[in-house]
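Novice: Quick one: structure below, then a few questions.
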């Protein structure tokens, strides 16, 4: 299943590394990344492949929420179909 991970927050060293490490822990393959720093704000969108069906998606999402709280970022993962539906004009 493909999903999108979005990250928004104050730019600090190591954001990409922290999110990538979290992906690796869950066996999530990062297929595309786009990121930008707007003044002091960091914005990133990752397209990922979630292949681990043994871990419920809600548990993965909760883990990213927790990482976001720990780092002062807003980190959200959502299924590709939901992302596409939300961004369809």
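The values are calculated or read from the model by the stated rules, or taken from the named source; none is laboratory data. Just so you know, these numbers come straight off a predicted model, no measurement behind them. Virtual Cβ from ideal backbone geometry, glycine too; neighbours counted across all protein chains shown.
Novice: Residues that are surrounded by 14 or more Cβ atoms within 10 Å (Cβ to Cβ), in contact with a helix residue (DSSP H, G or I) (Cβ under 9 Å, 6 or more places away or on another chain) and farther than 15 Å from residue 6 by Cα: does region 19-28 have at least one?
Specialist: Checked against the condition, which is being surrounded by 14 or more Cβ atoms within 10 Å (Cβ to Cβ), in contact with a helix residue (DSSP H, G or I) (Cβ under 9 Å, 6 or more places away or on another chain) and farther than 15 Å from residue 6 by Cα, region 19-28 yields at least one hit.
Novice: While we're here: Could you grab me the full set of residues in region 50-63 that are modelled with pLDDT of 95 or more and surrounded by fewer than 15 Cβ atoms within 10 Å (Cβ to Cβ)?
Specialist: 62, the sole residue that qualifies.
Novice: Pick out, from the chain, the strands (runs of 3 or more DSSP E) lying fully within it that include 2 or more residues that are over 12 Å from the mean Cα position of the chain (by Cα) and touching a residue at least 60 places away in the same chain (Cβ under 8 Å).
Specialist: In the chain, 2-10 are the strands (runs of 3 or more DSSP E) which contain 2 or more residues that are over 12 Å from the mean Cα position of the chain (by Cα) and touching a residue at least 60 places away in the same chain (Cβ under 8 Å).
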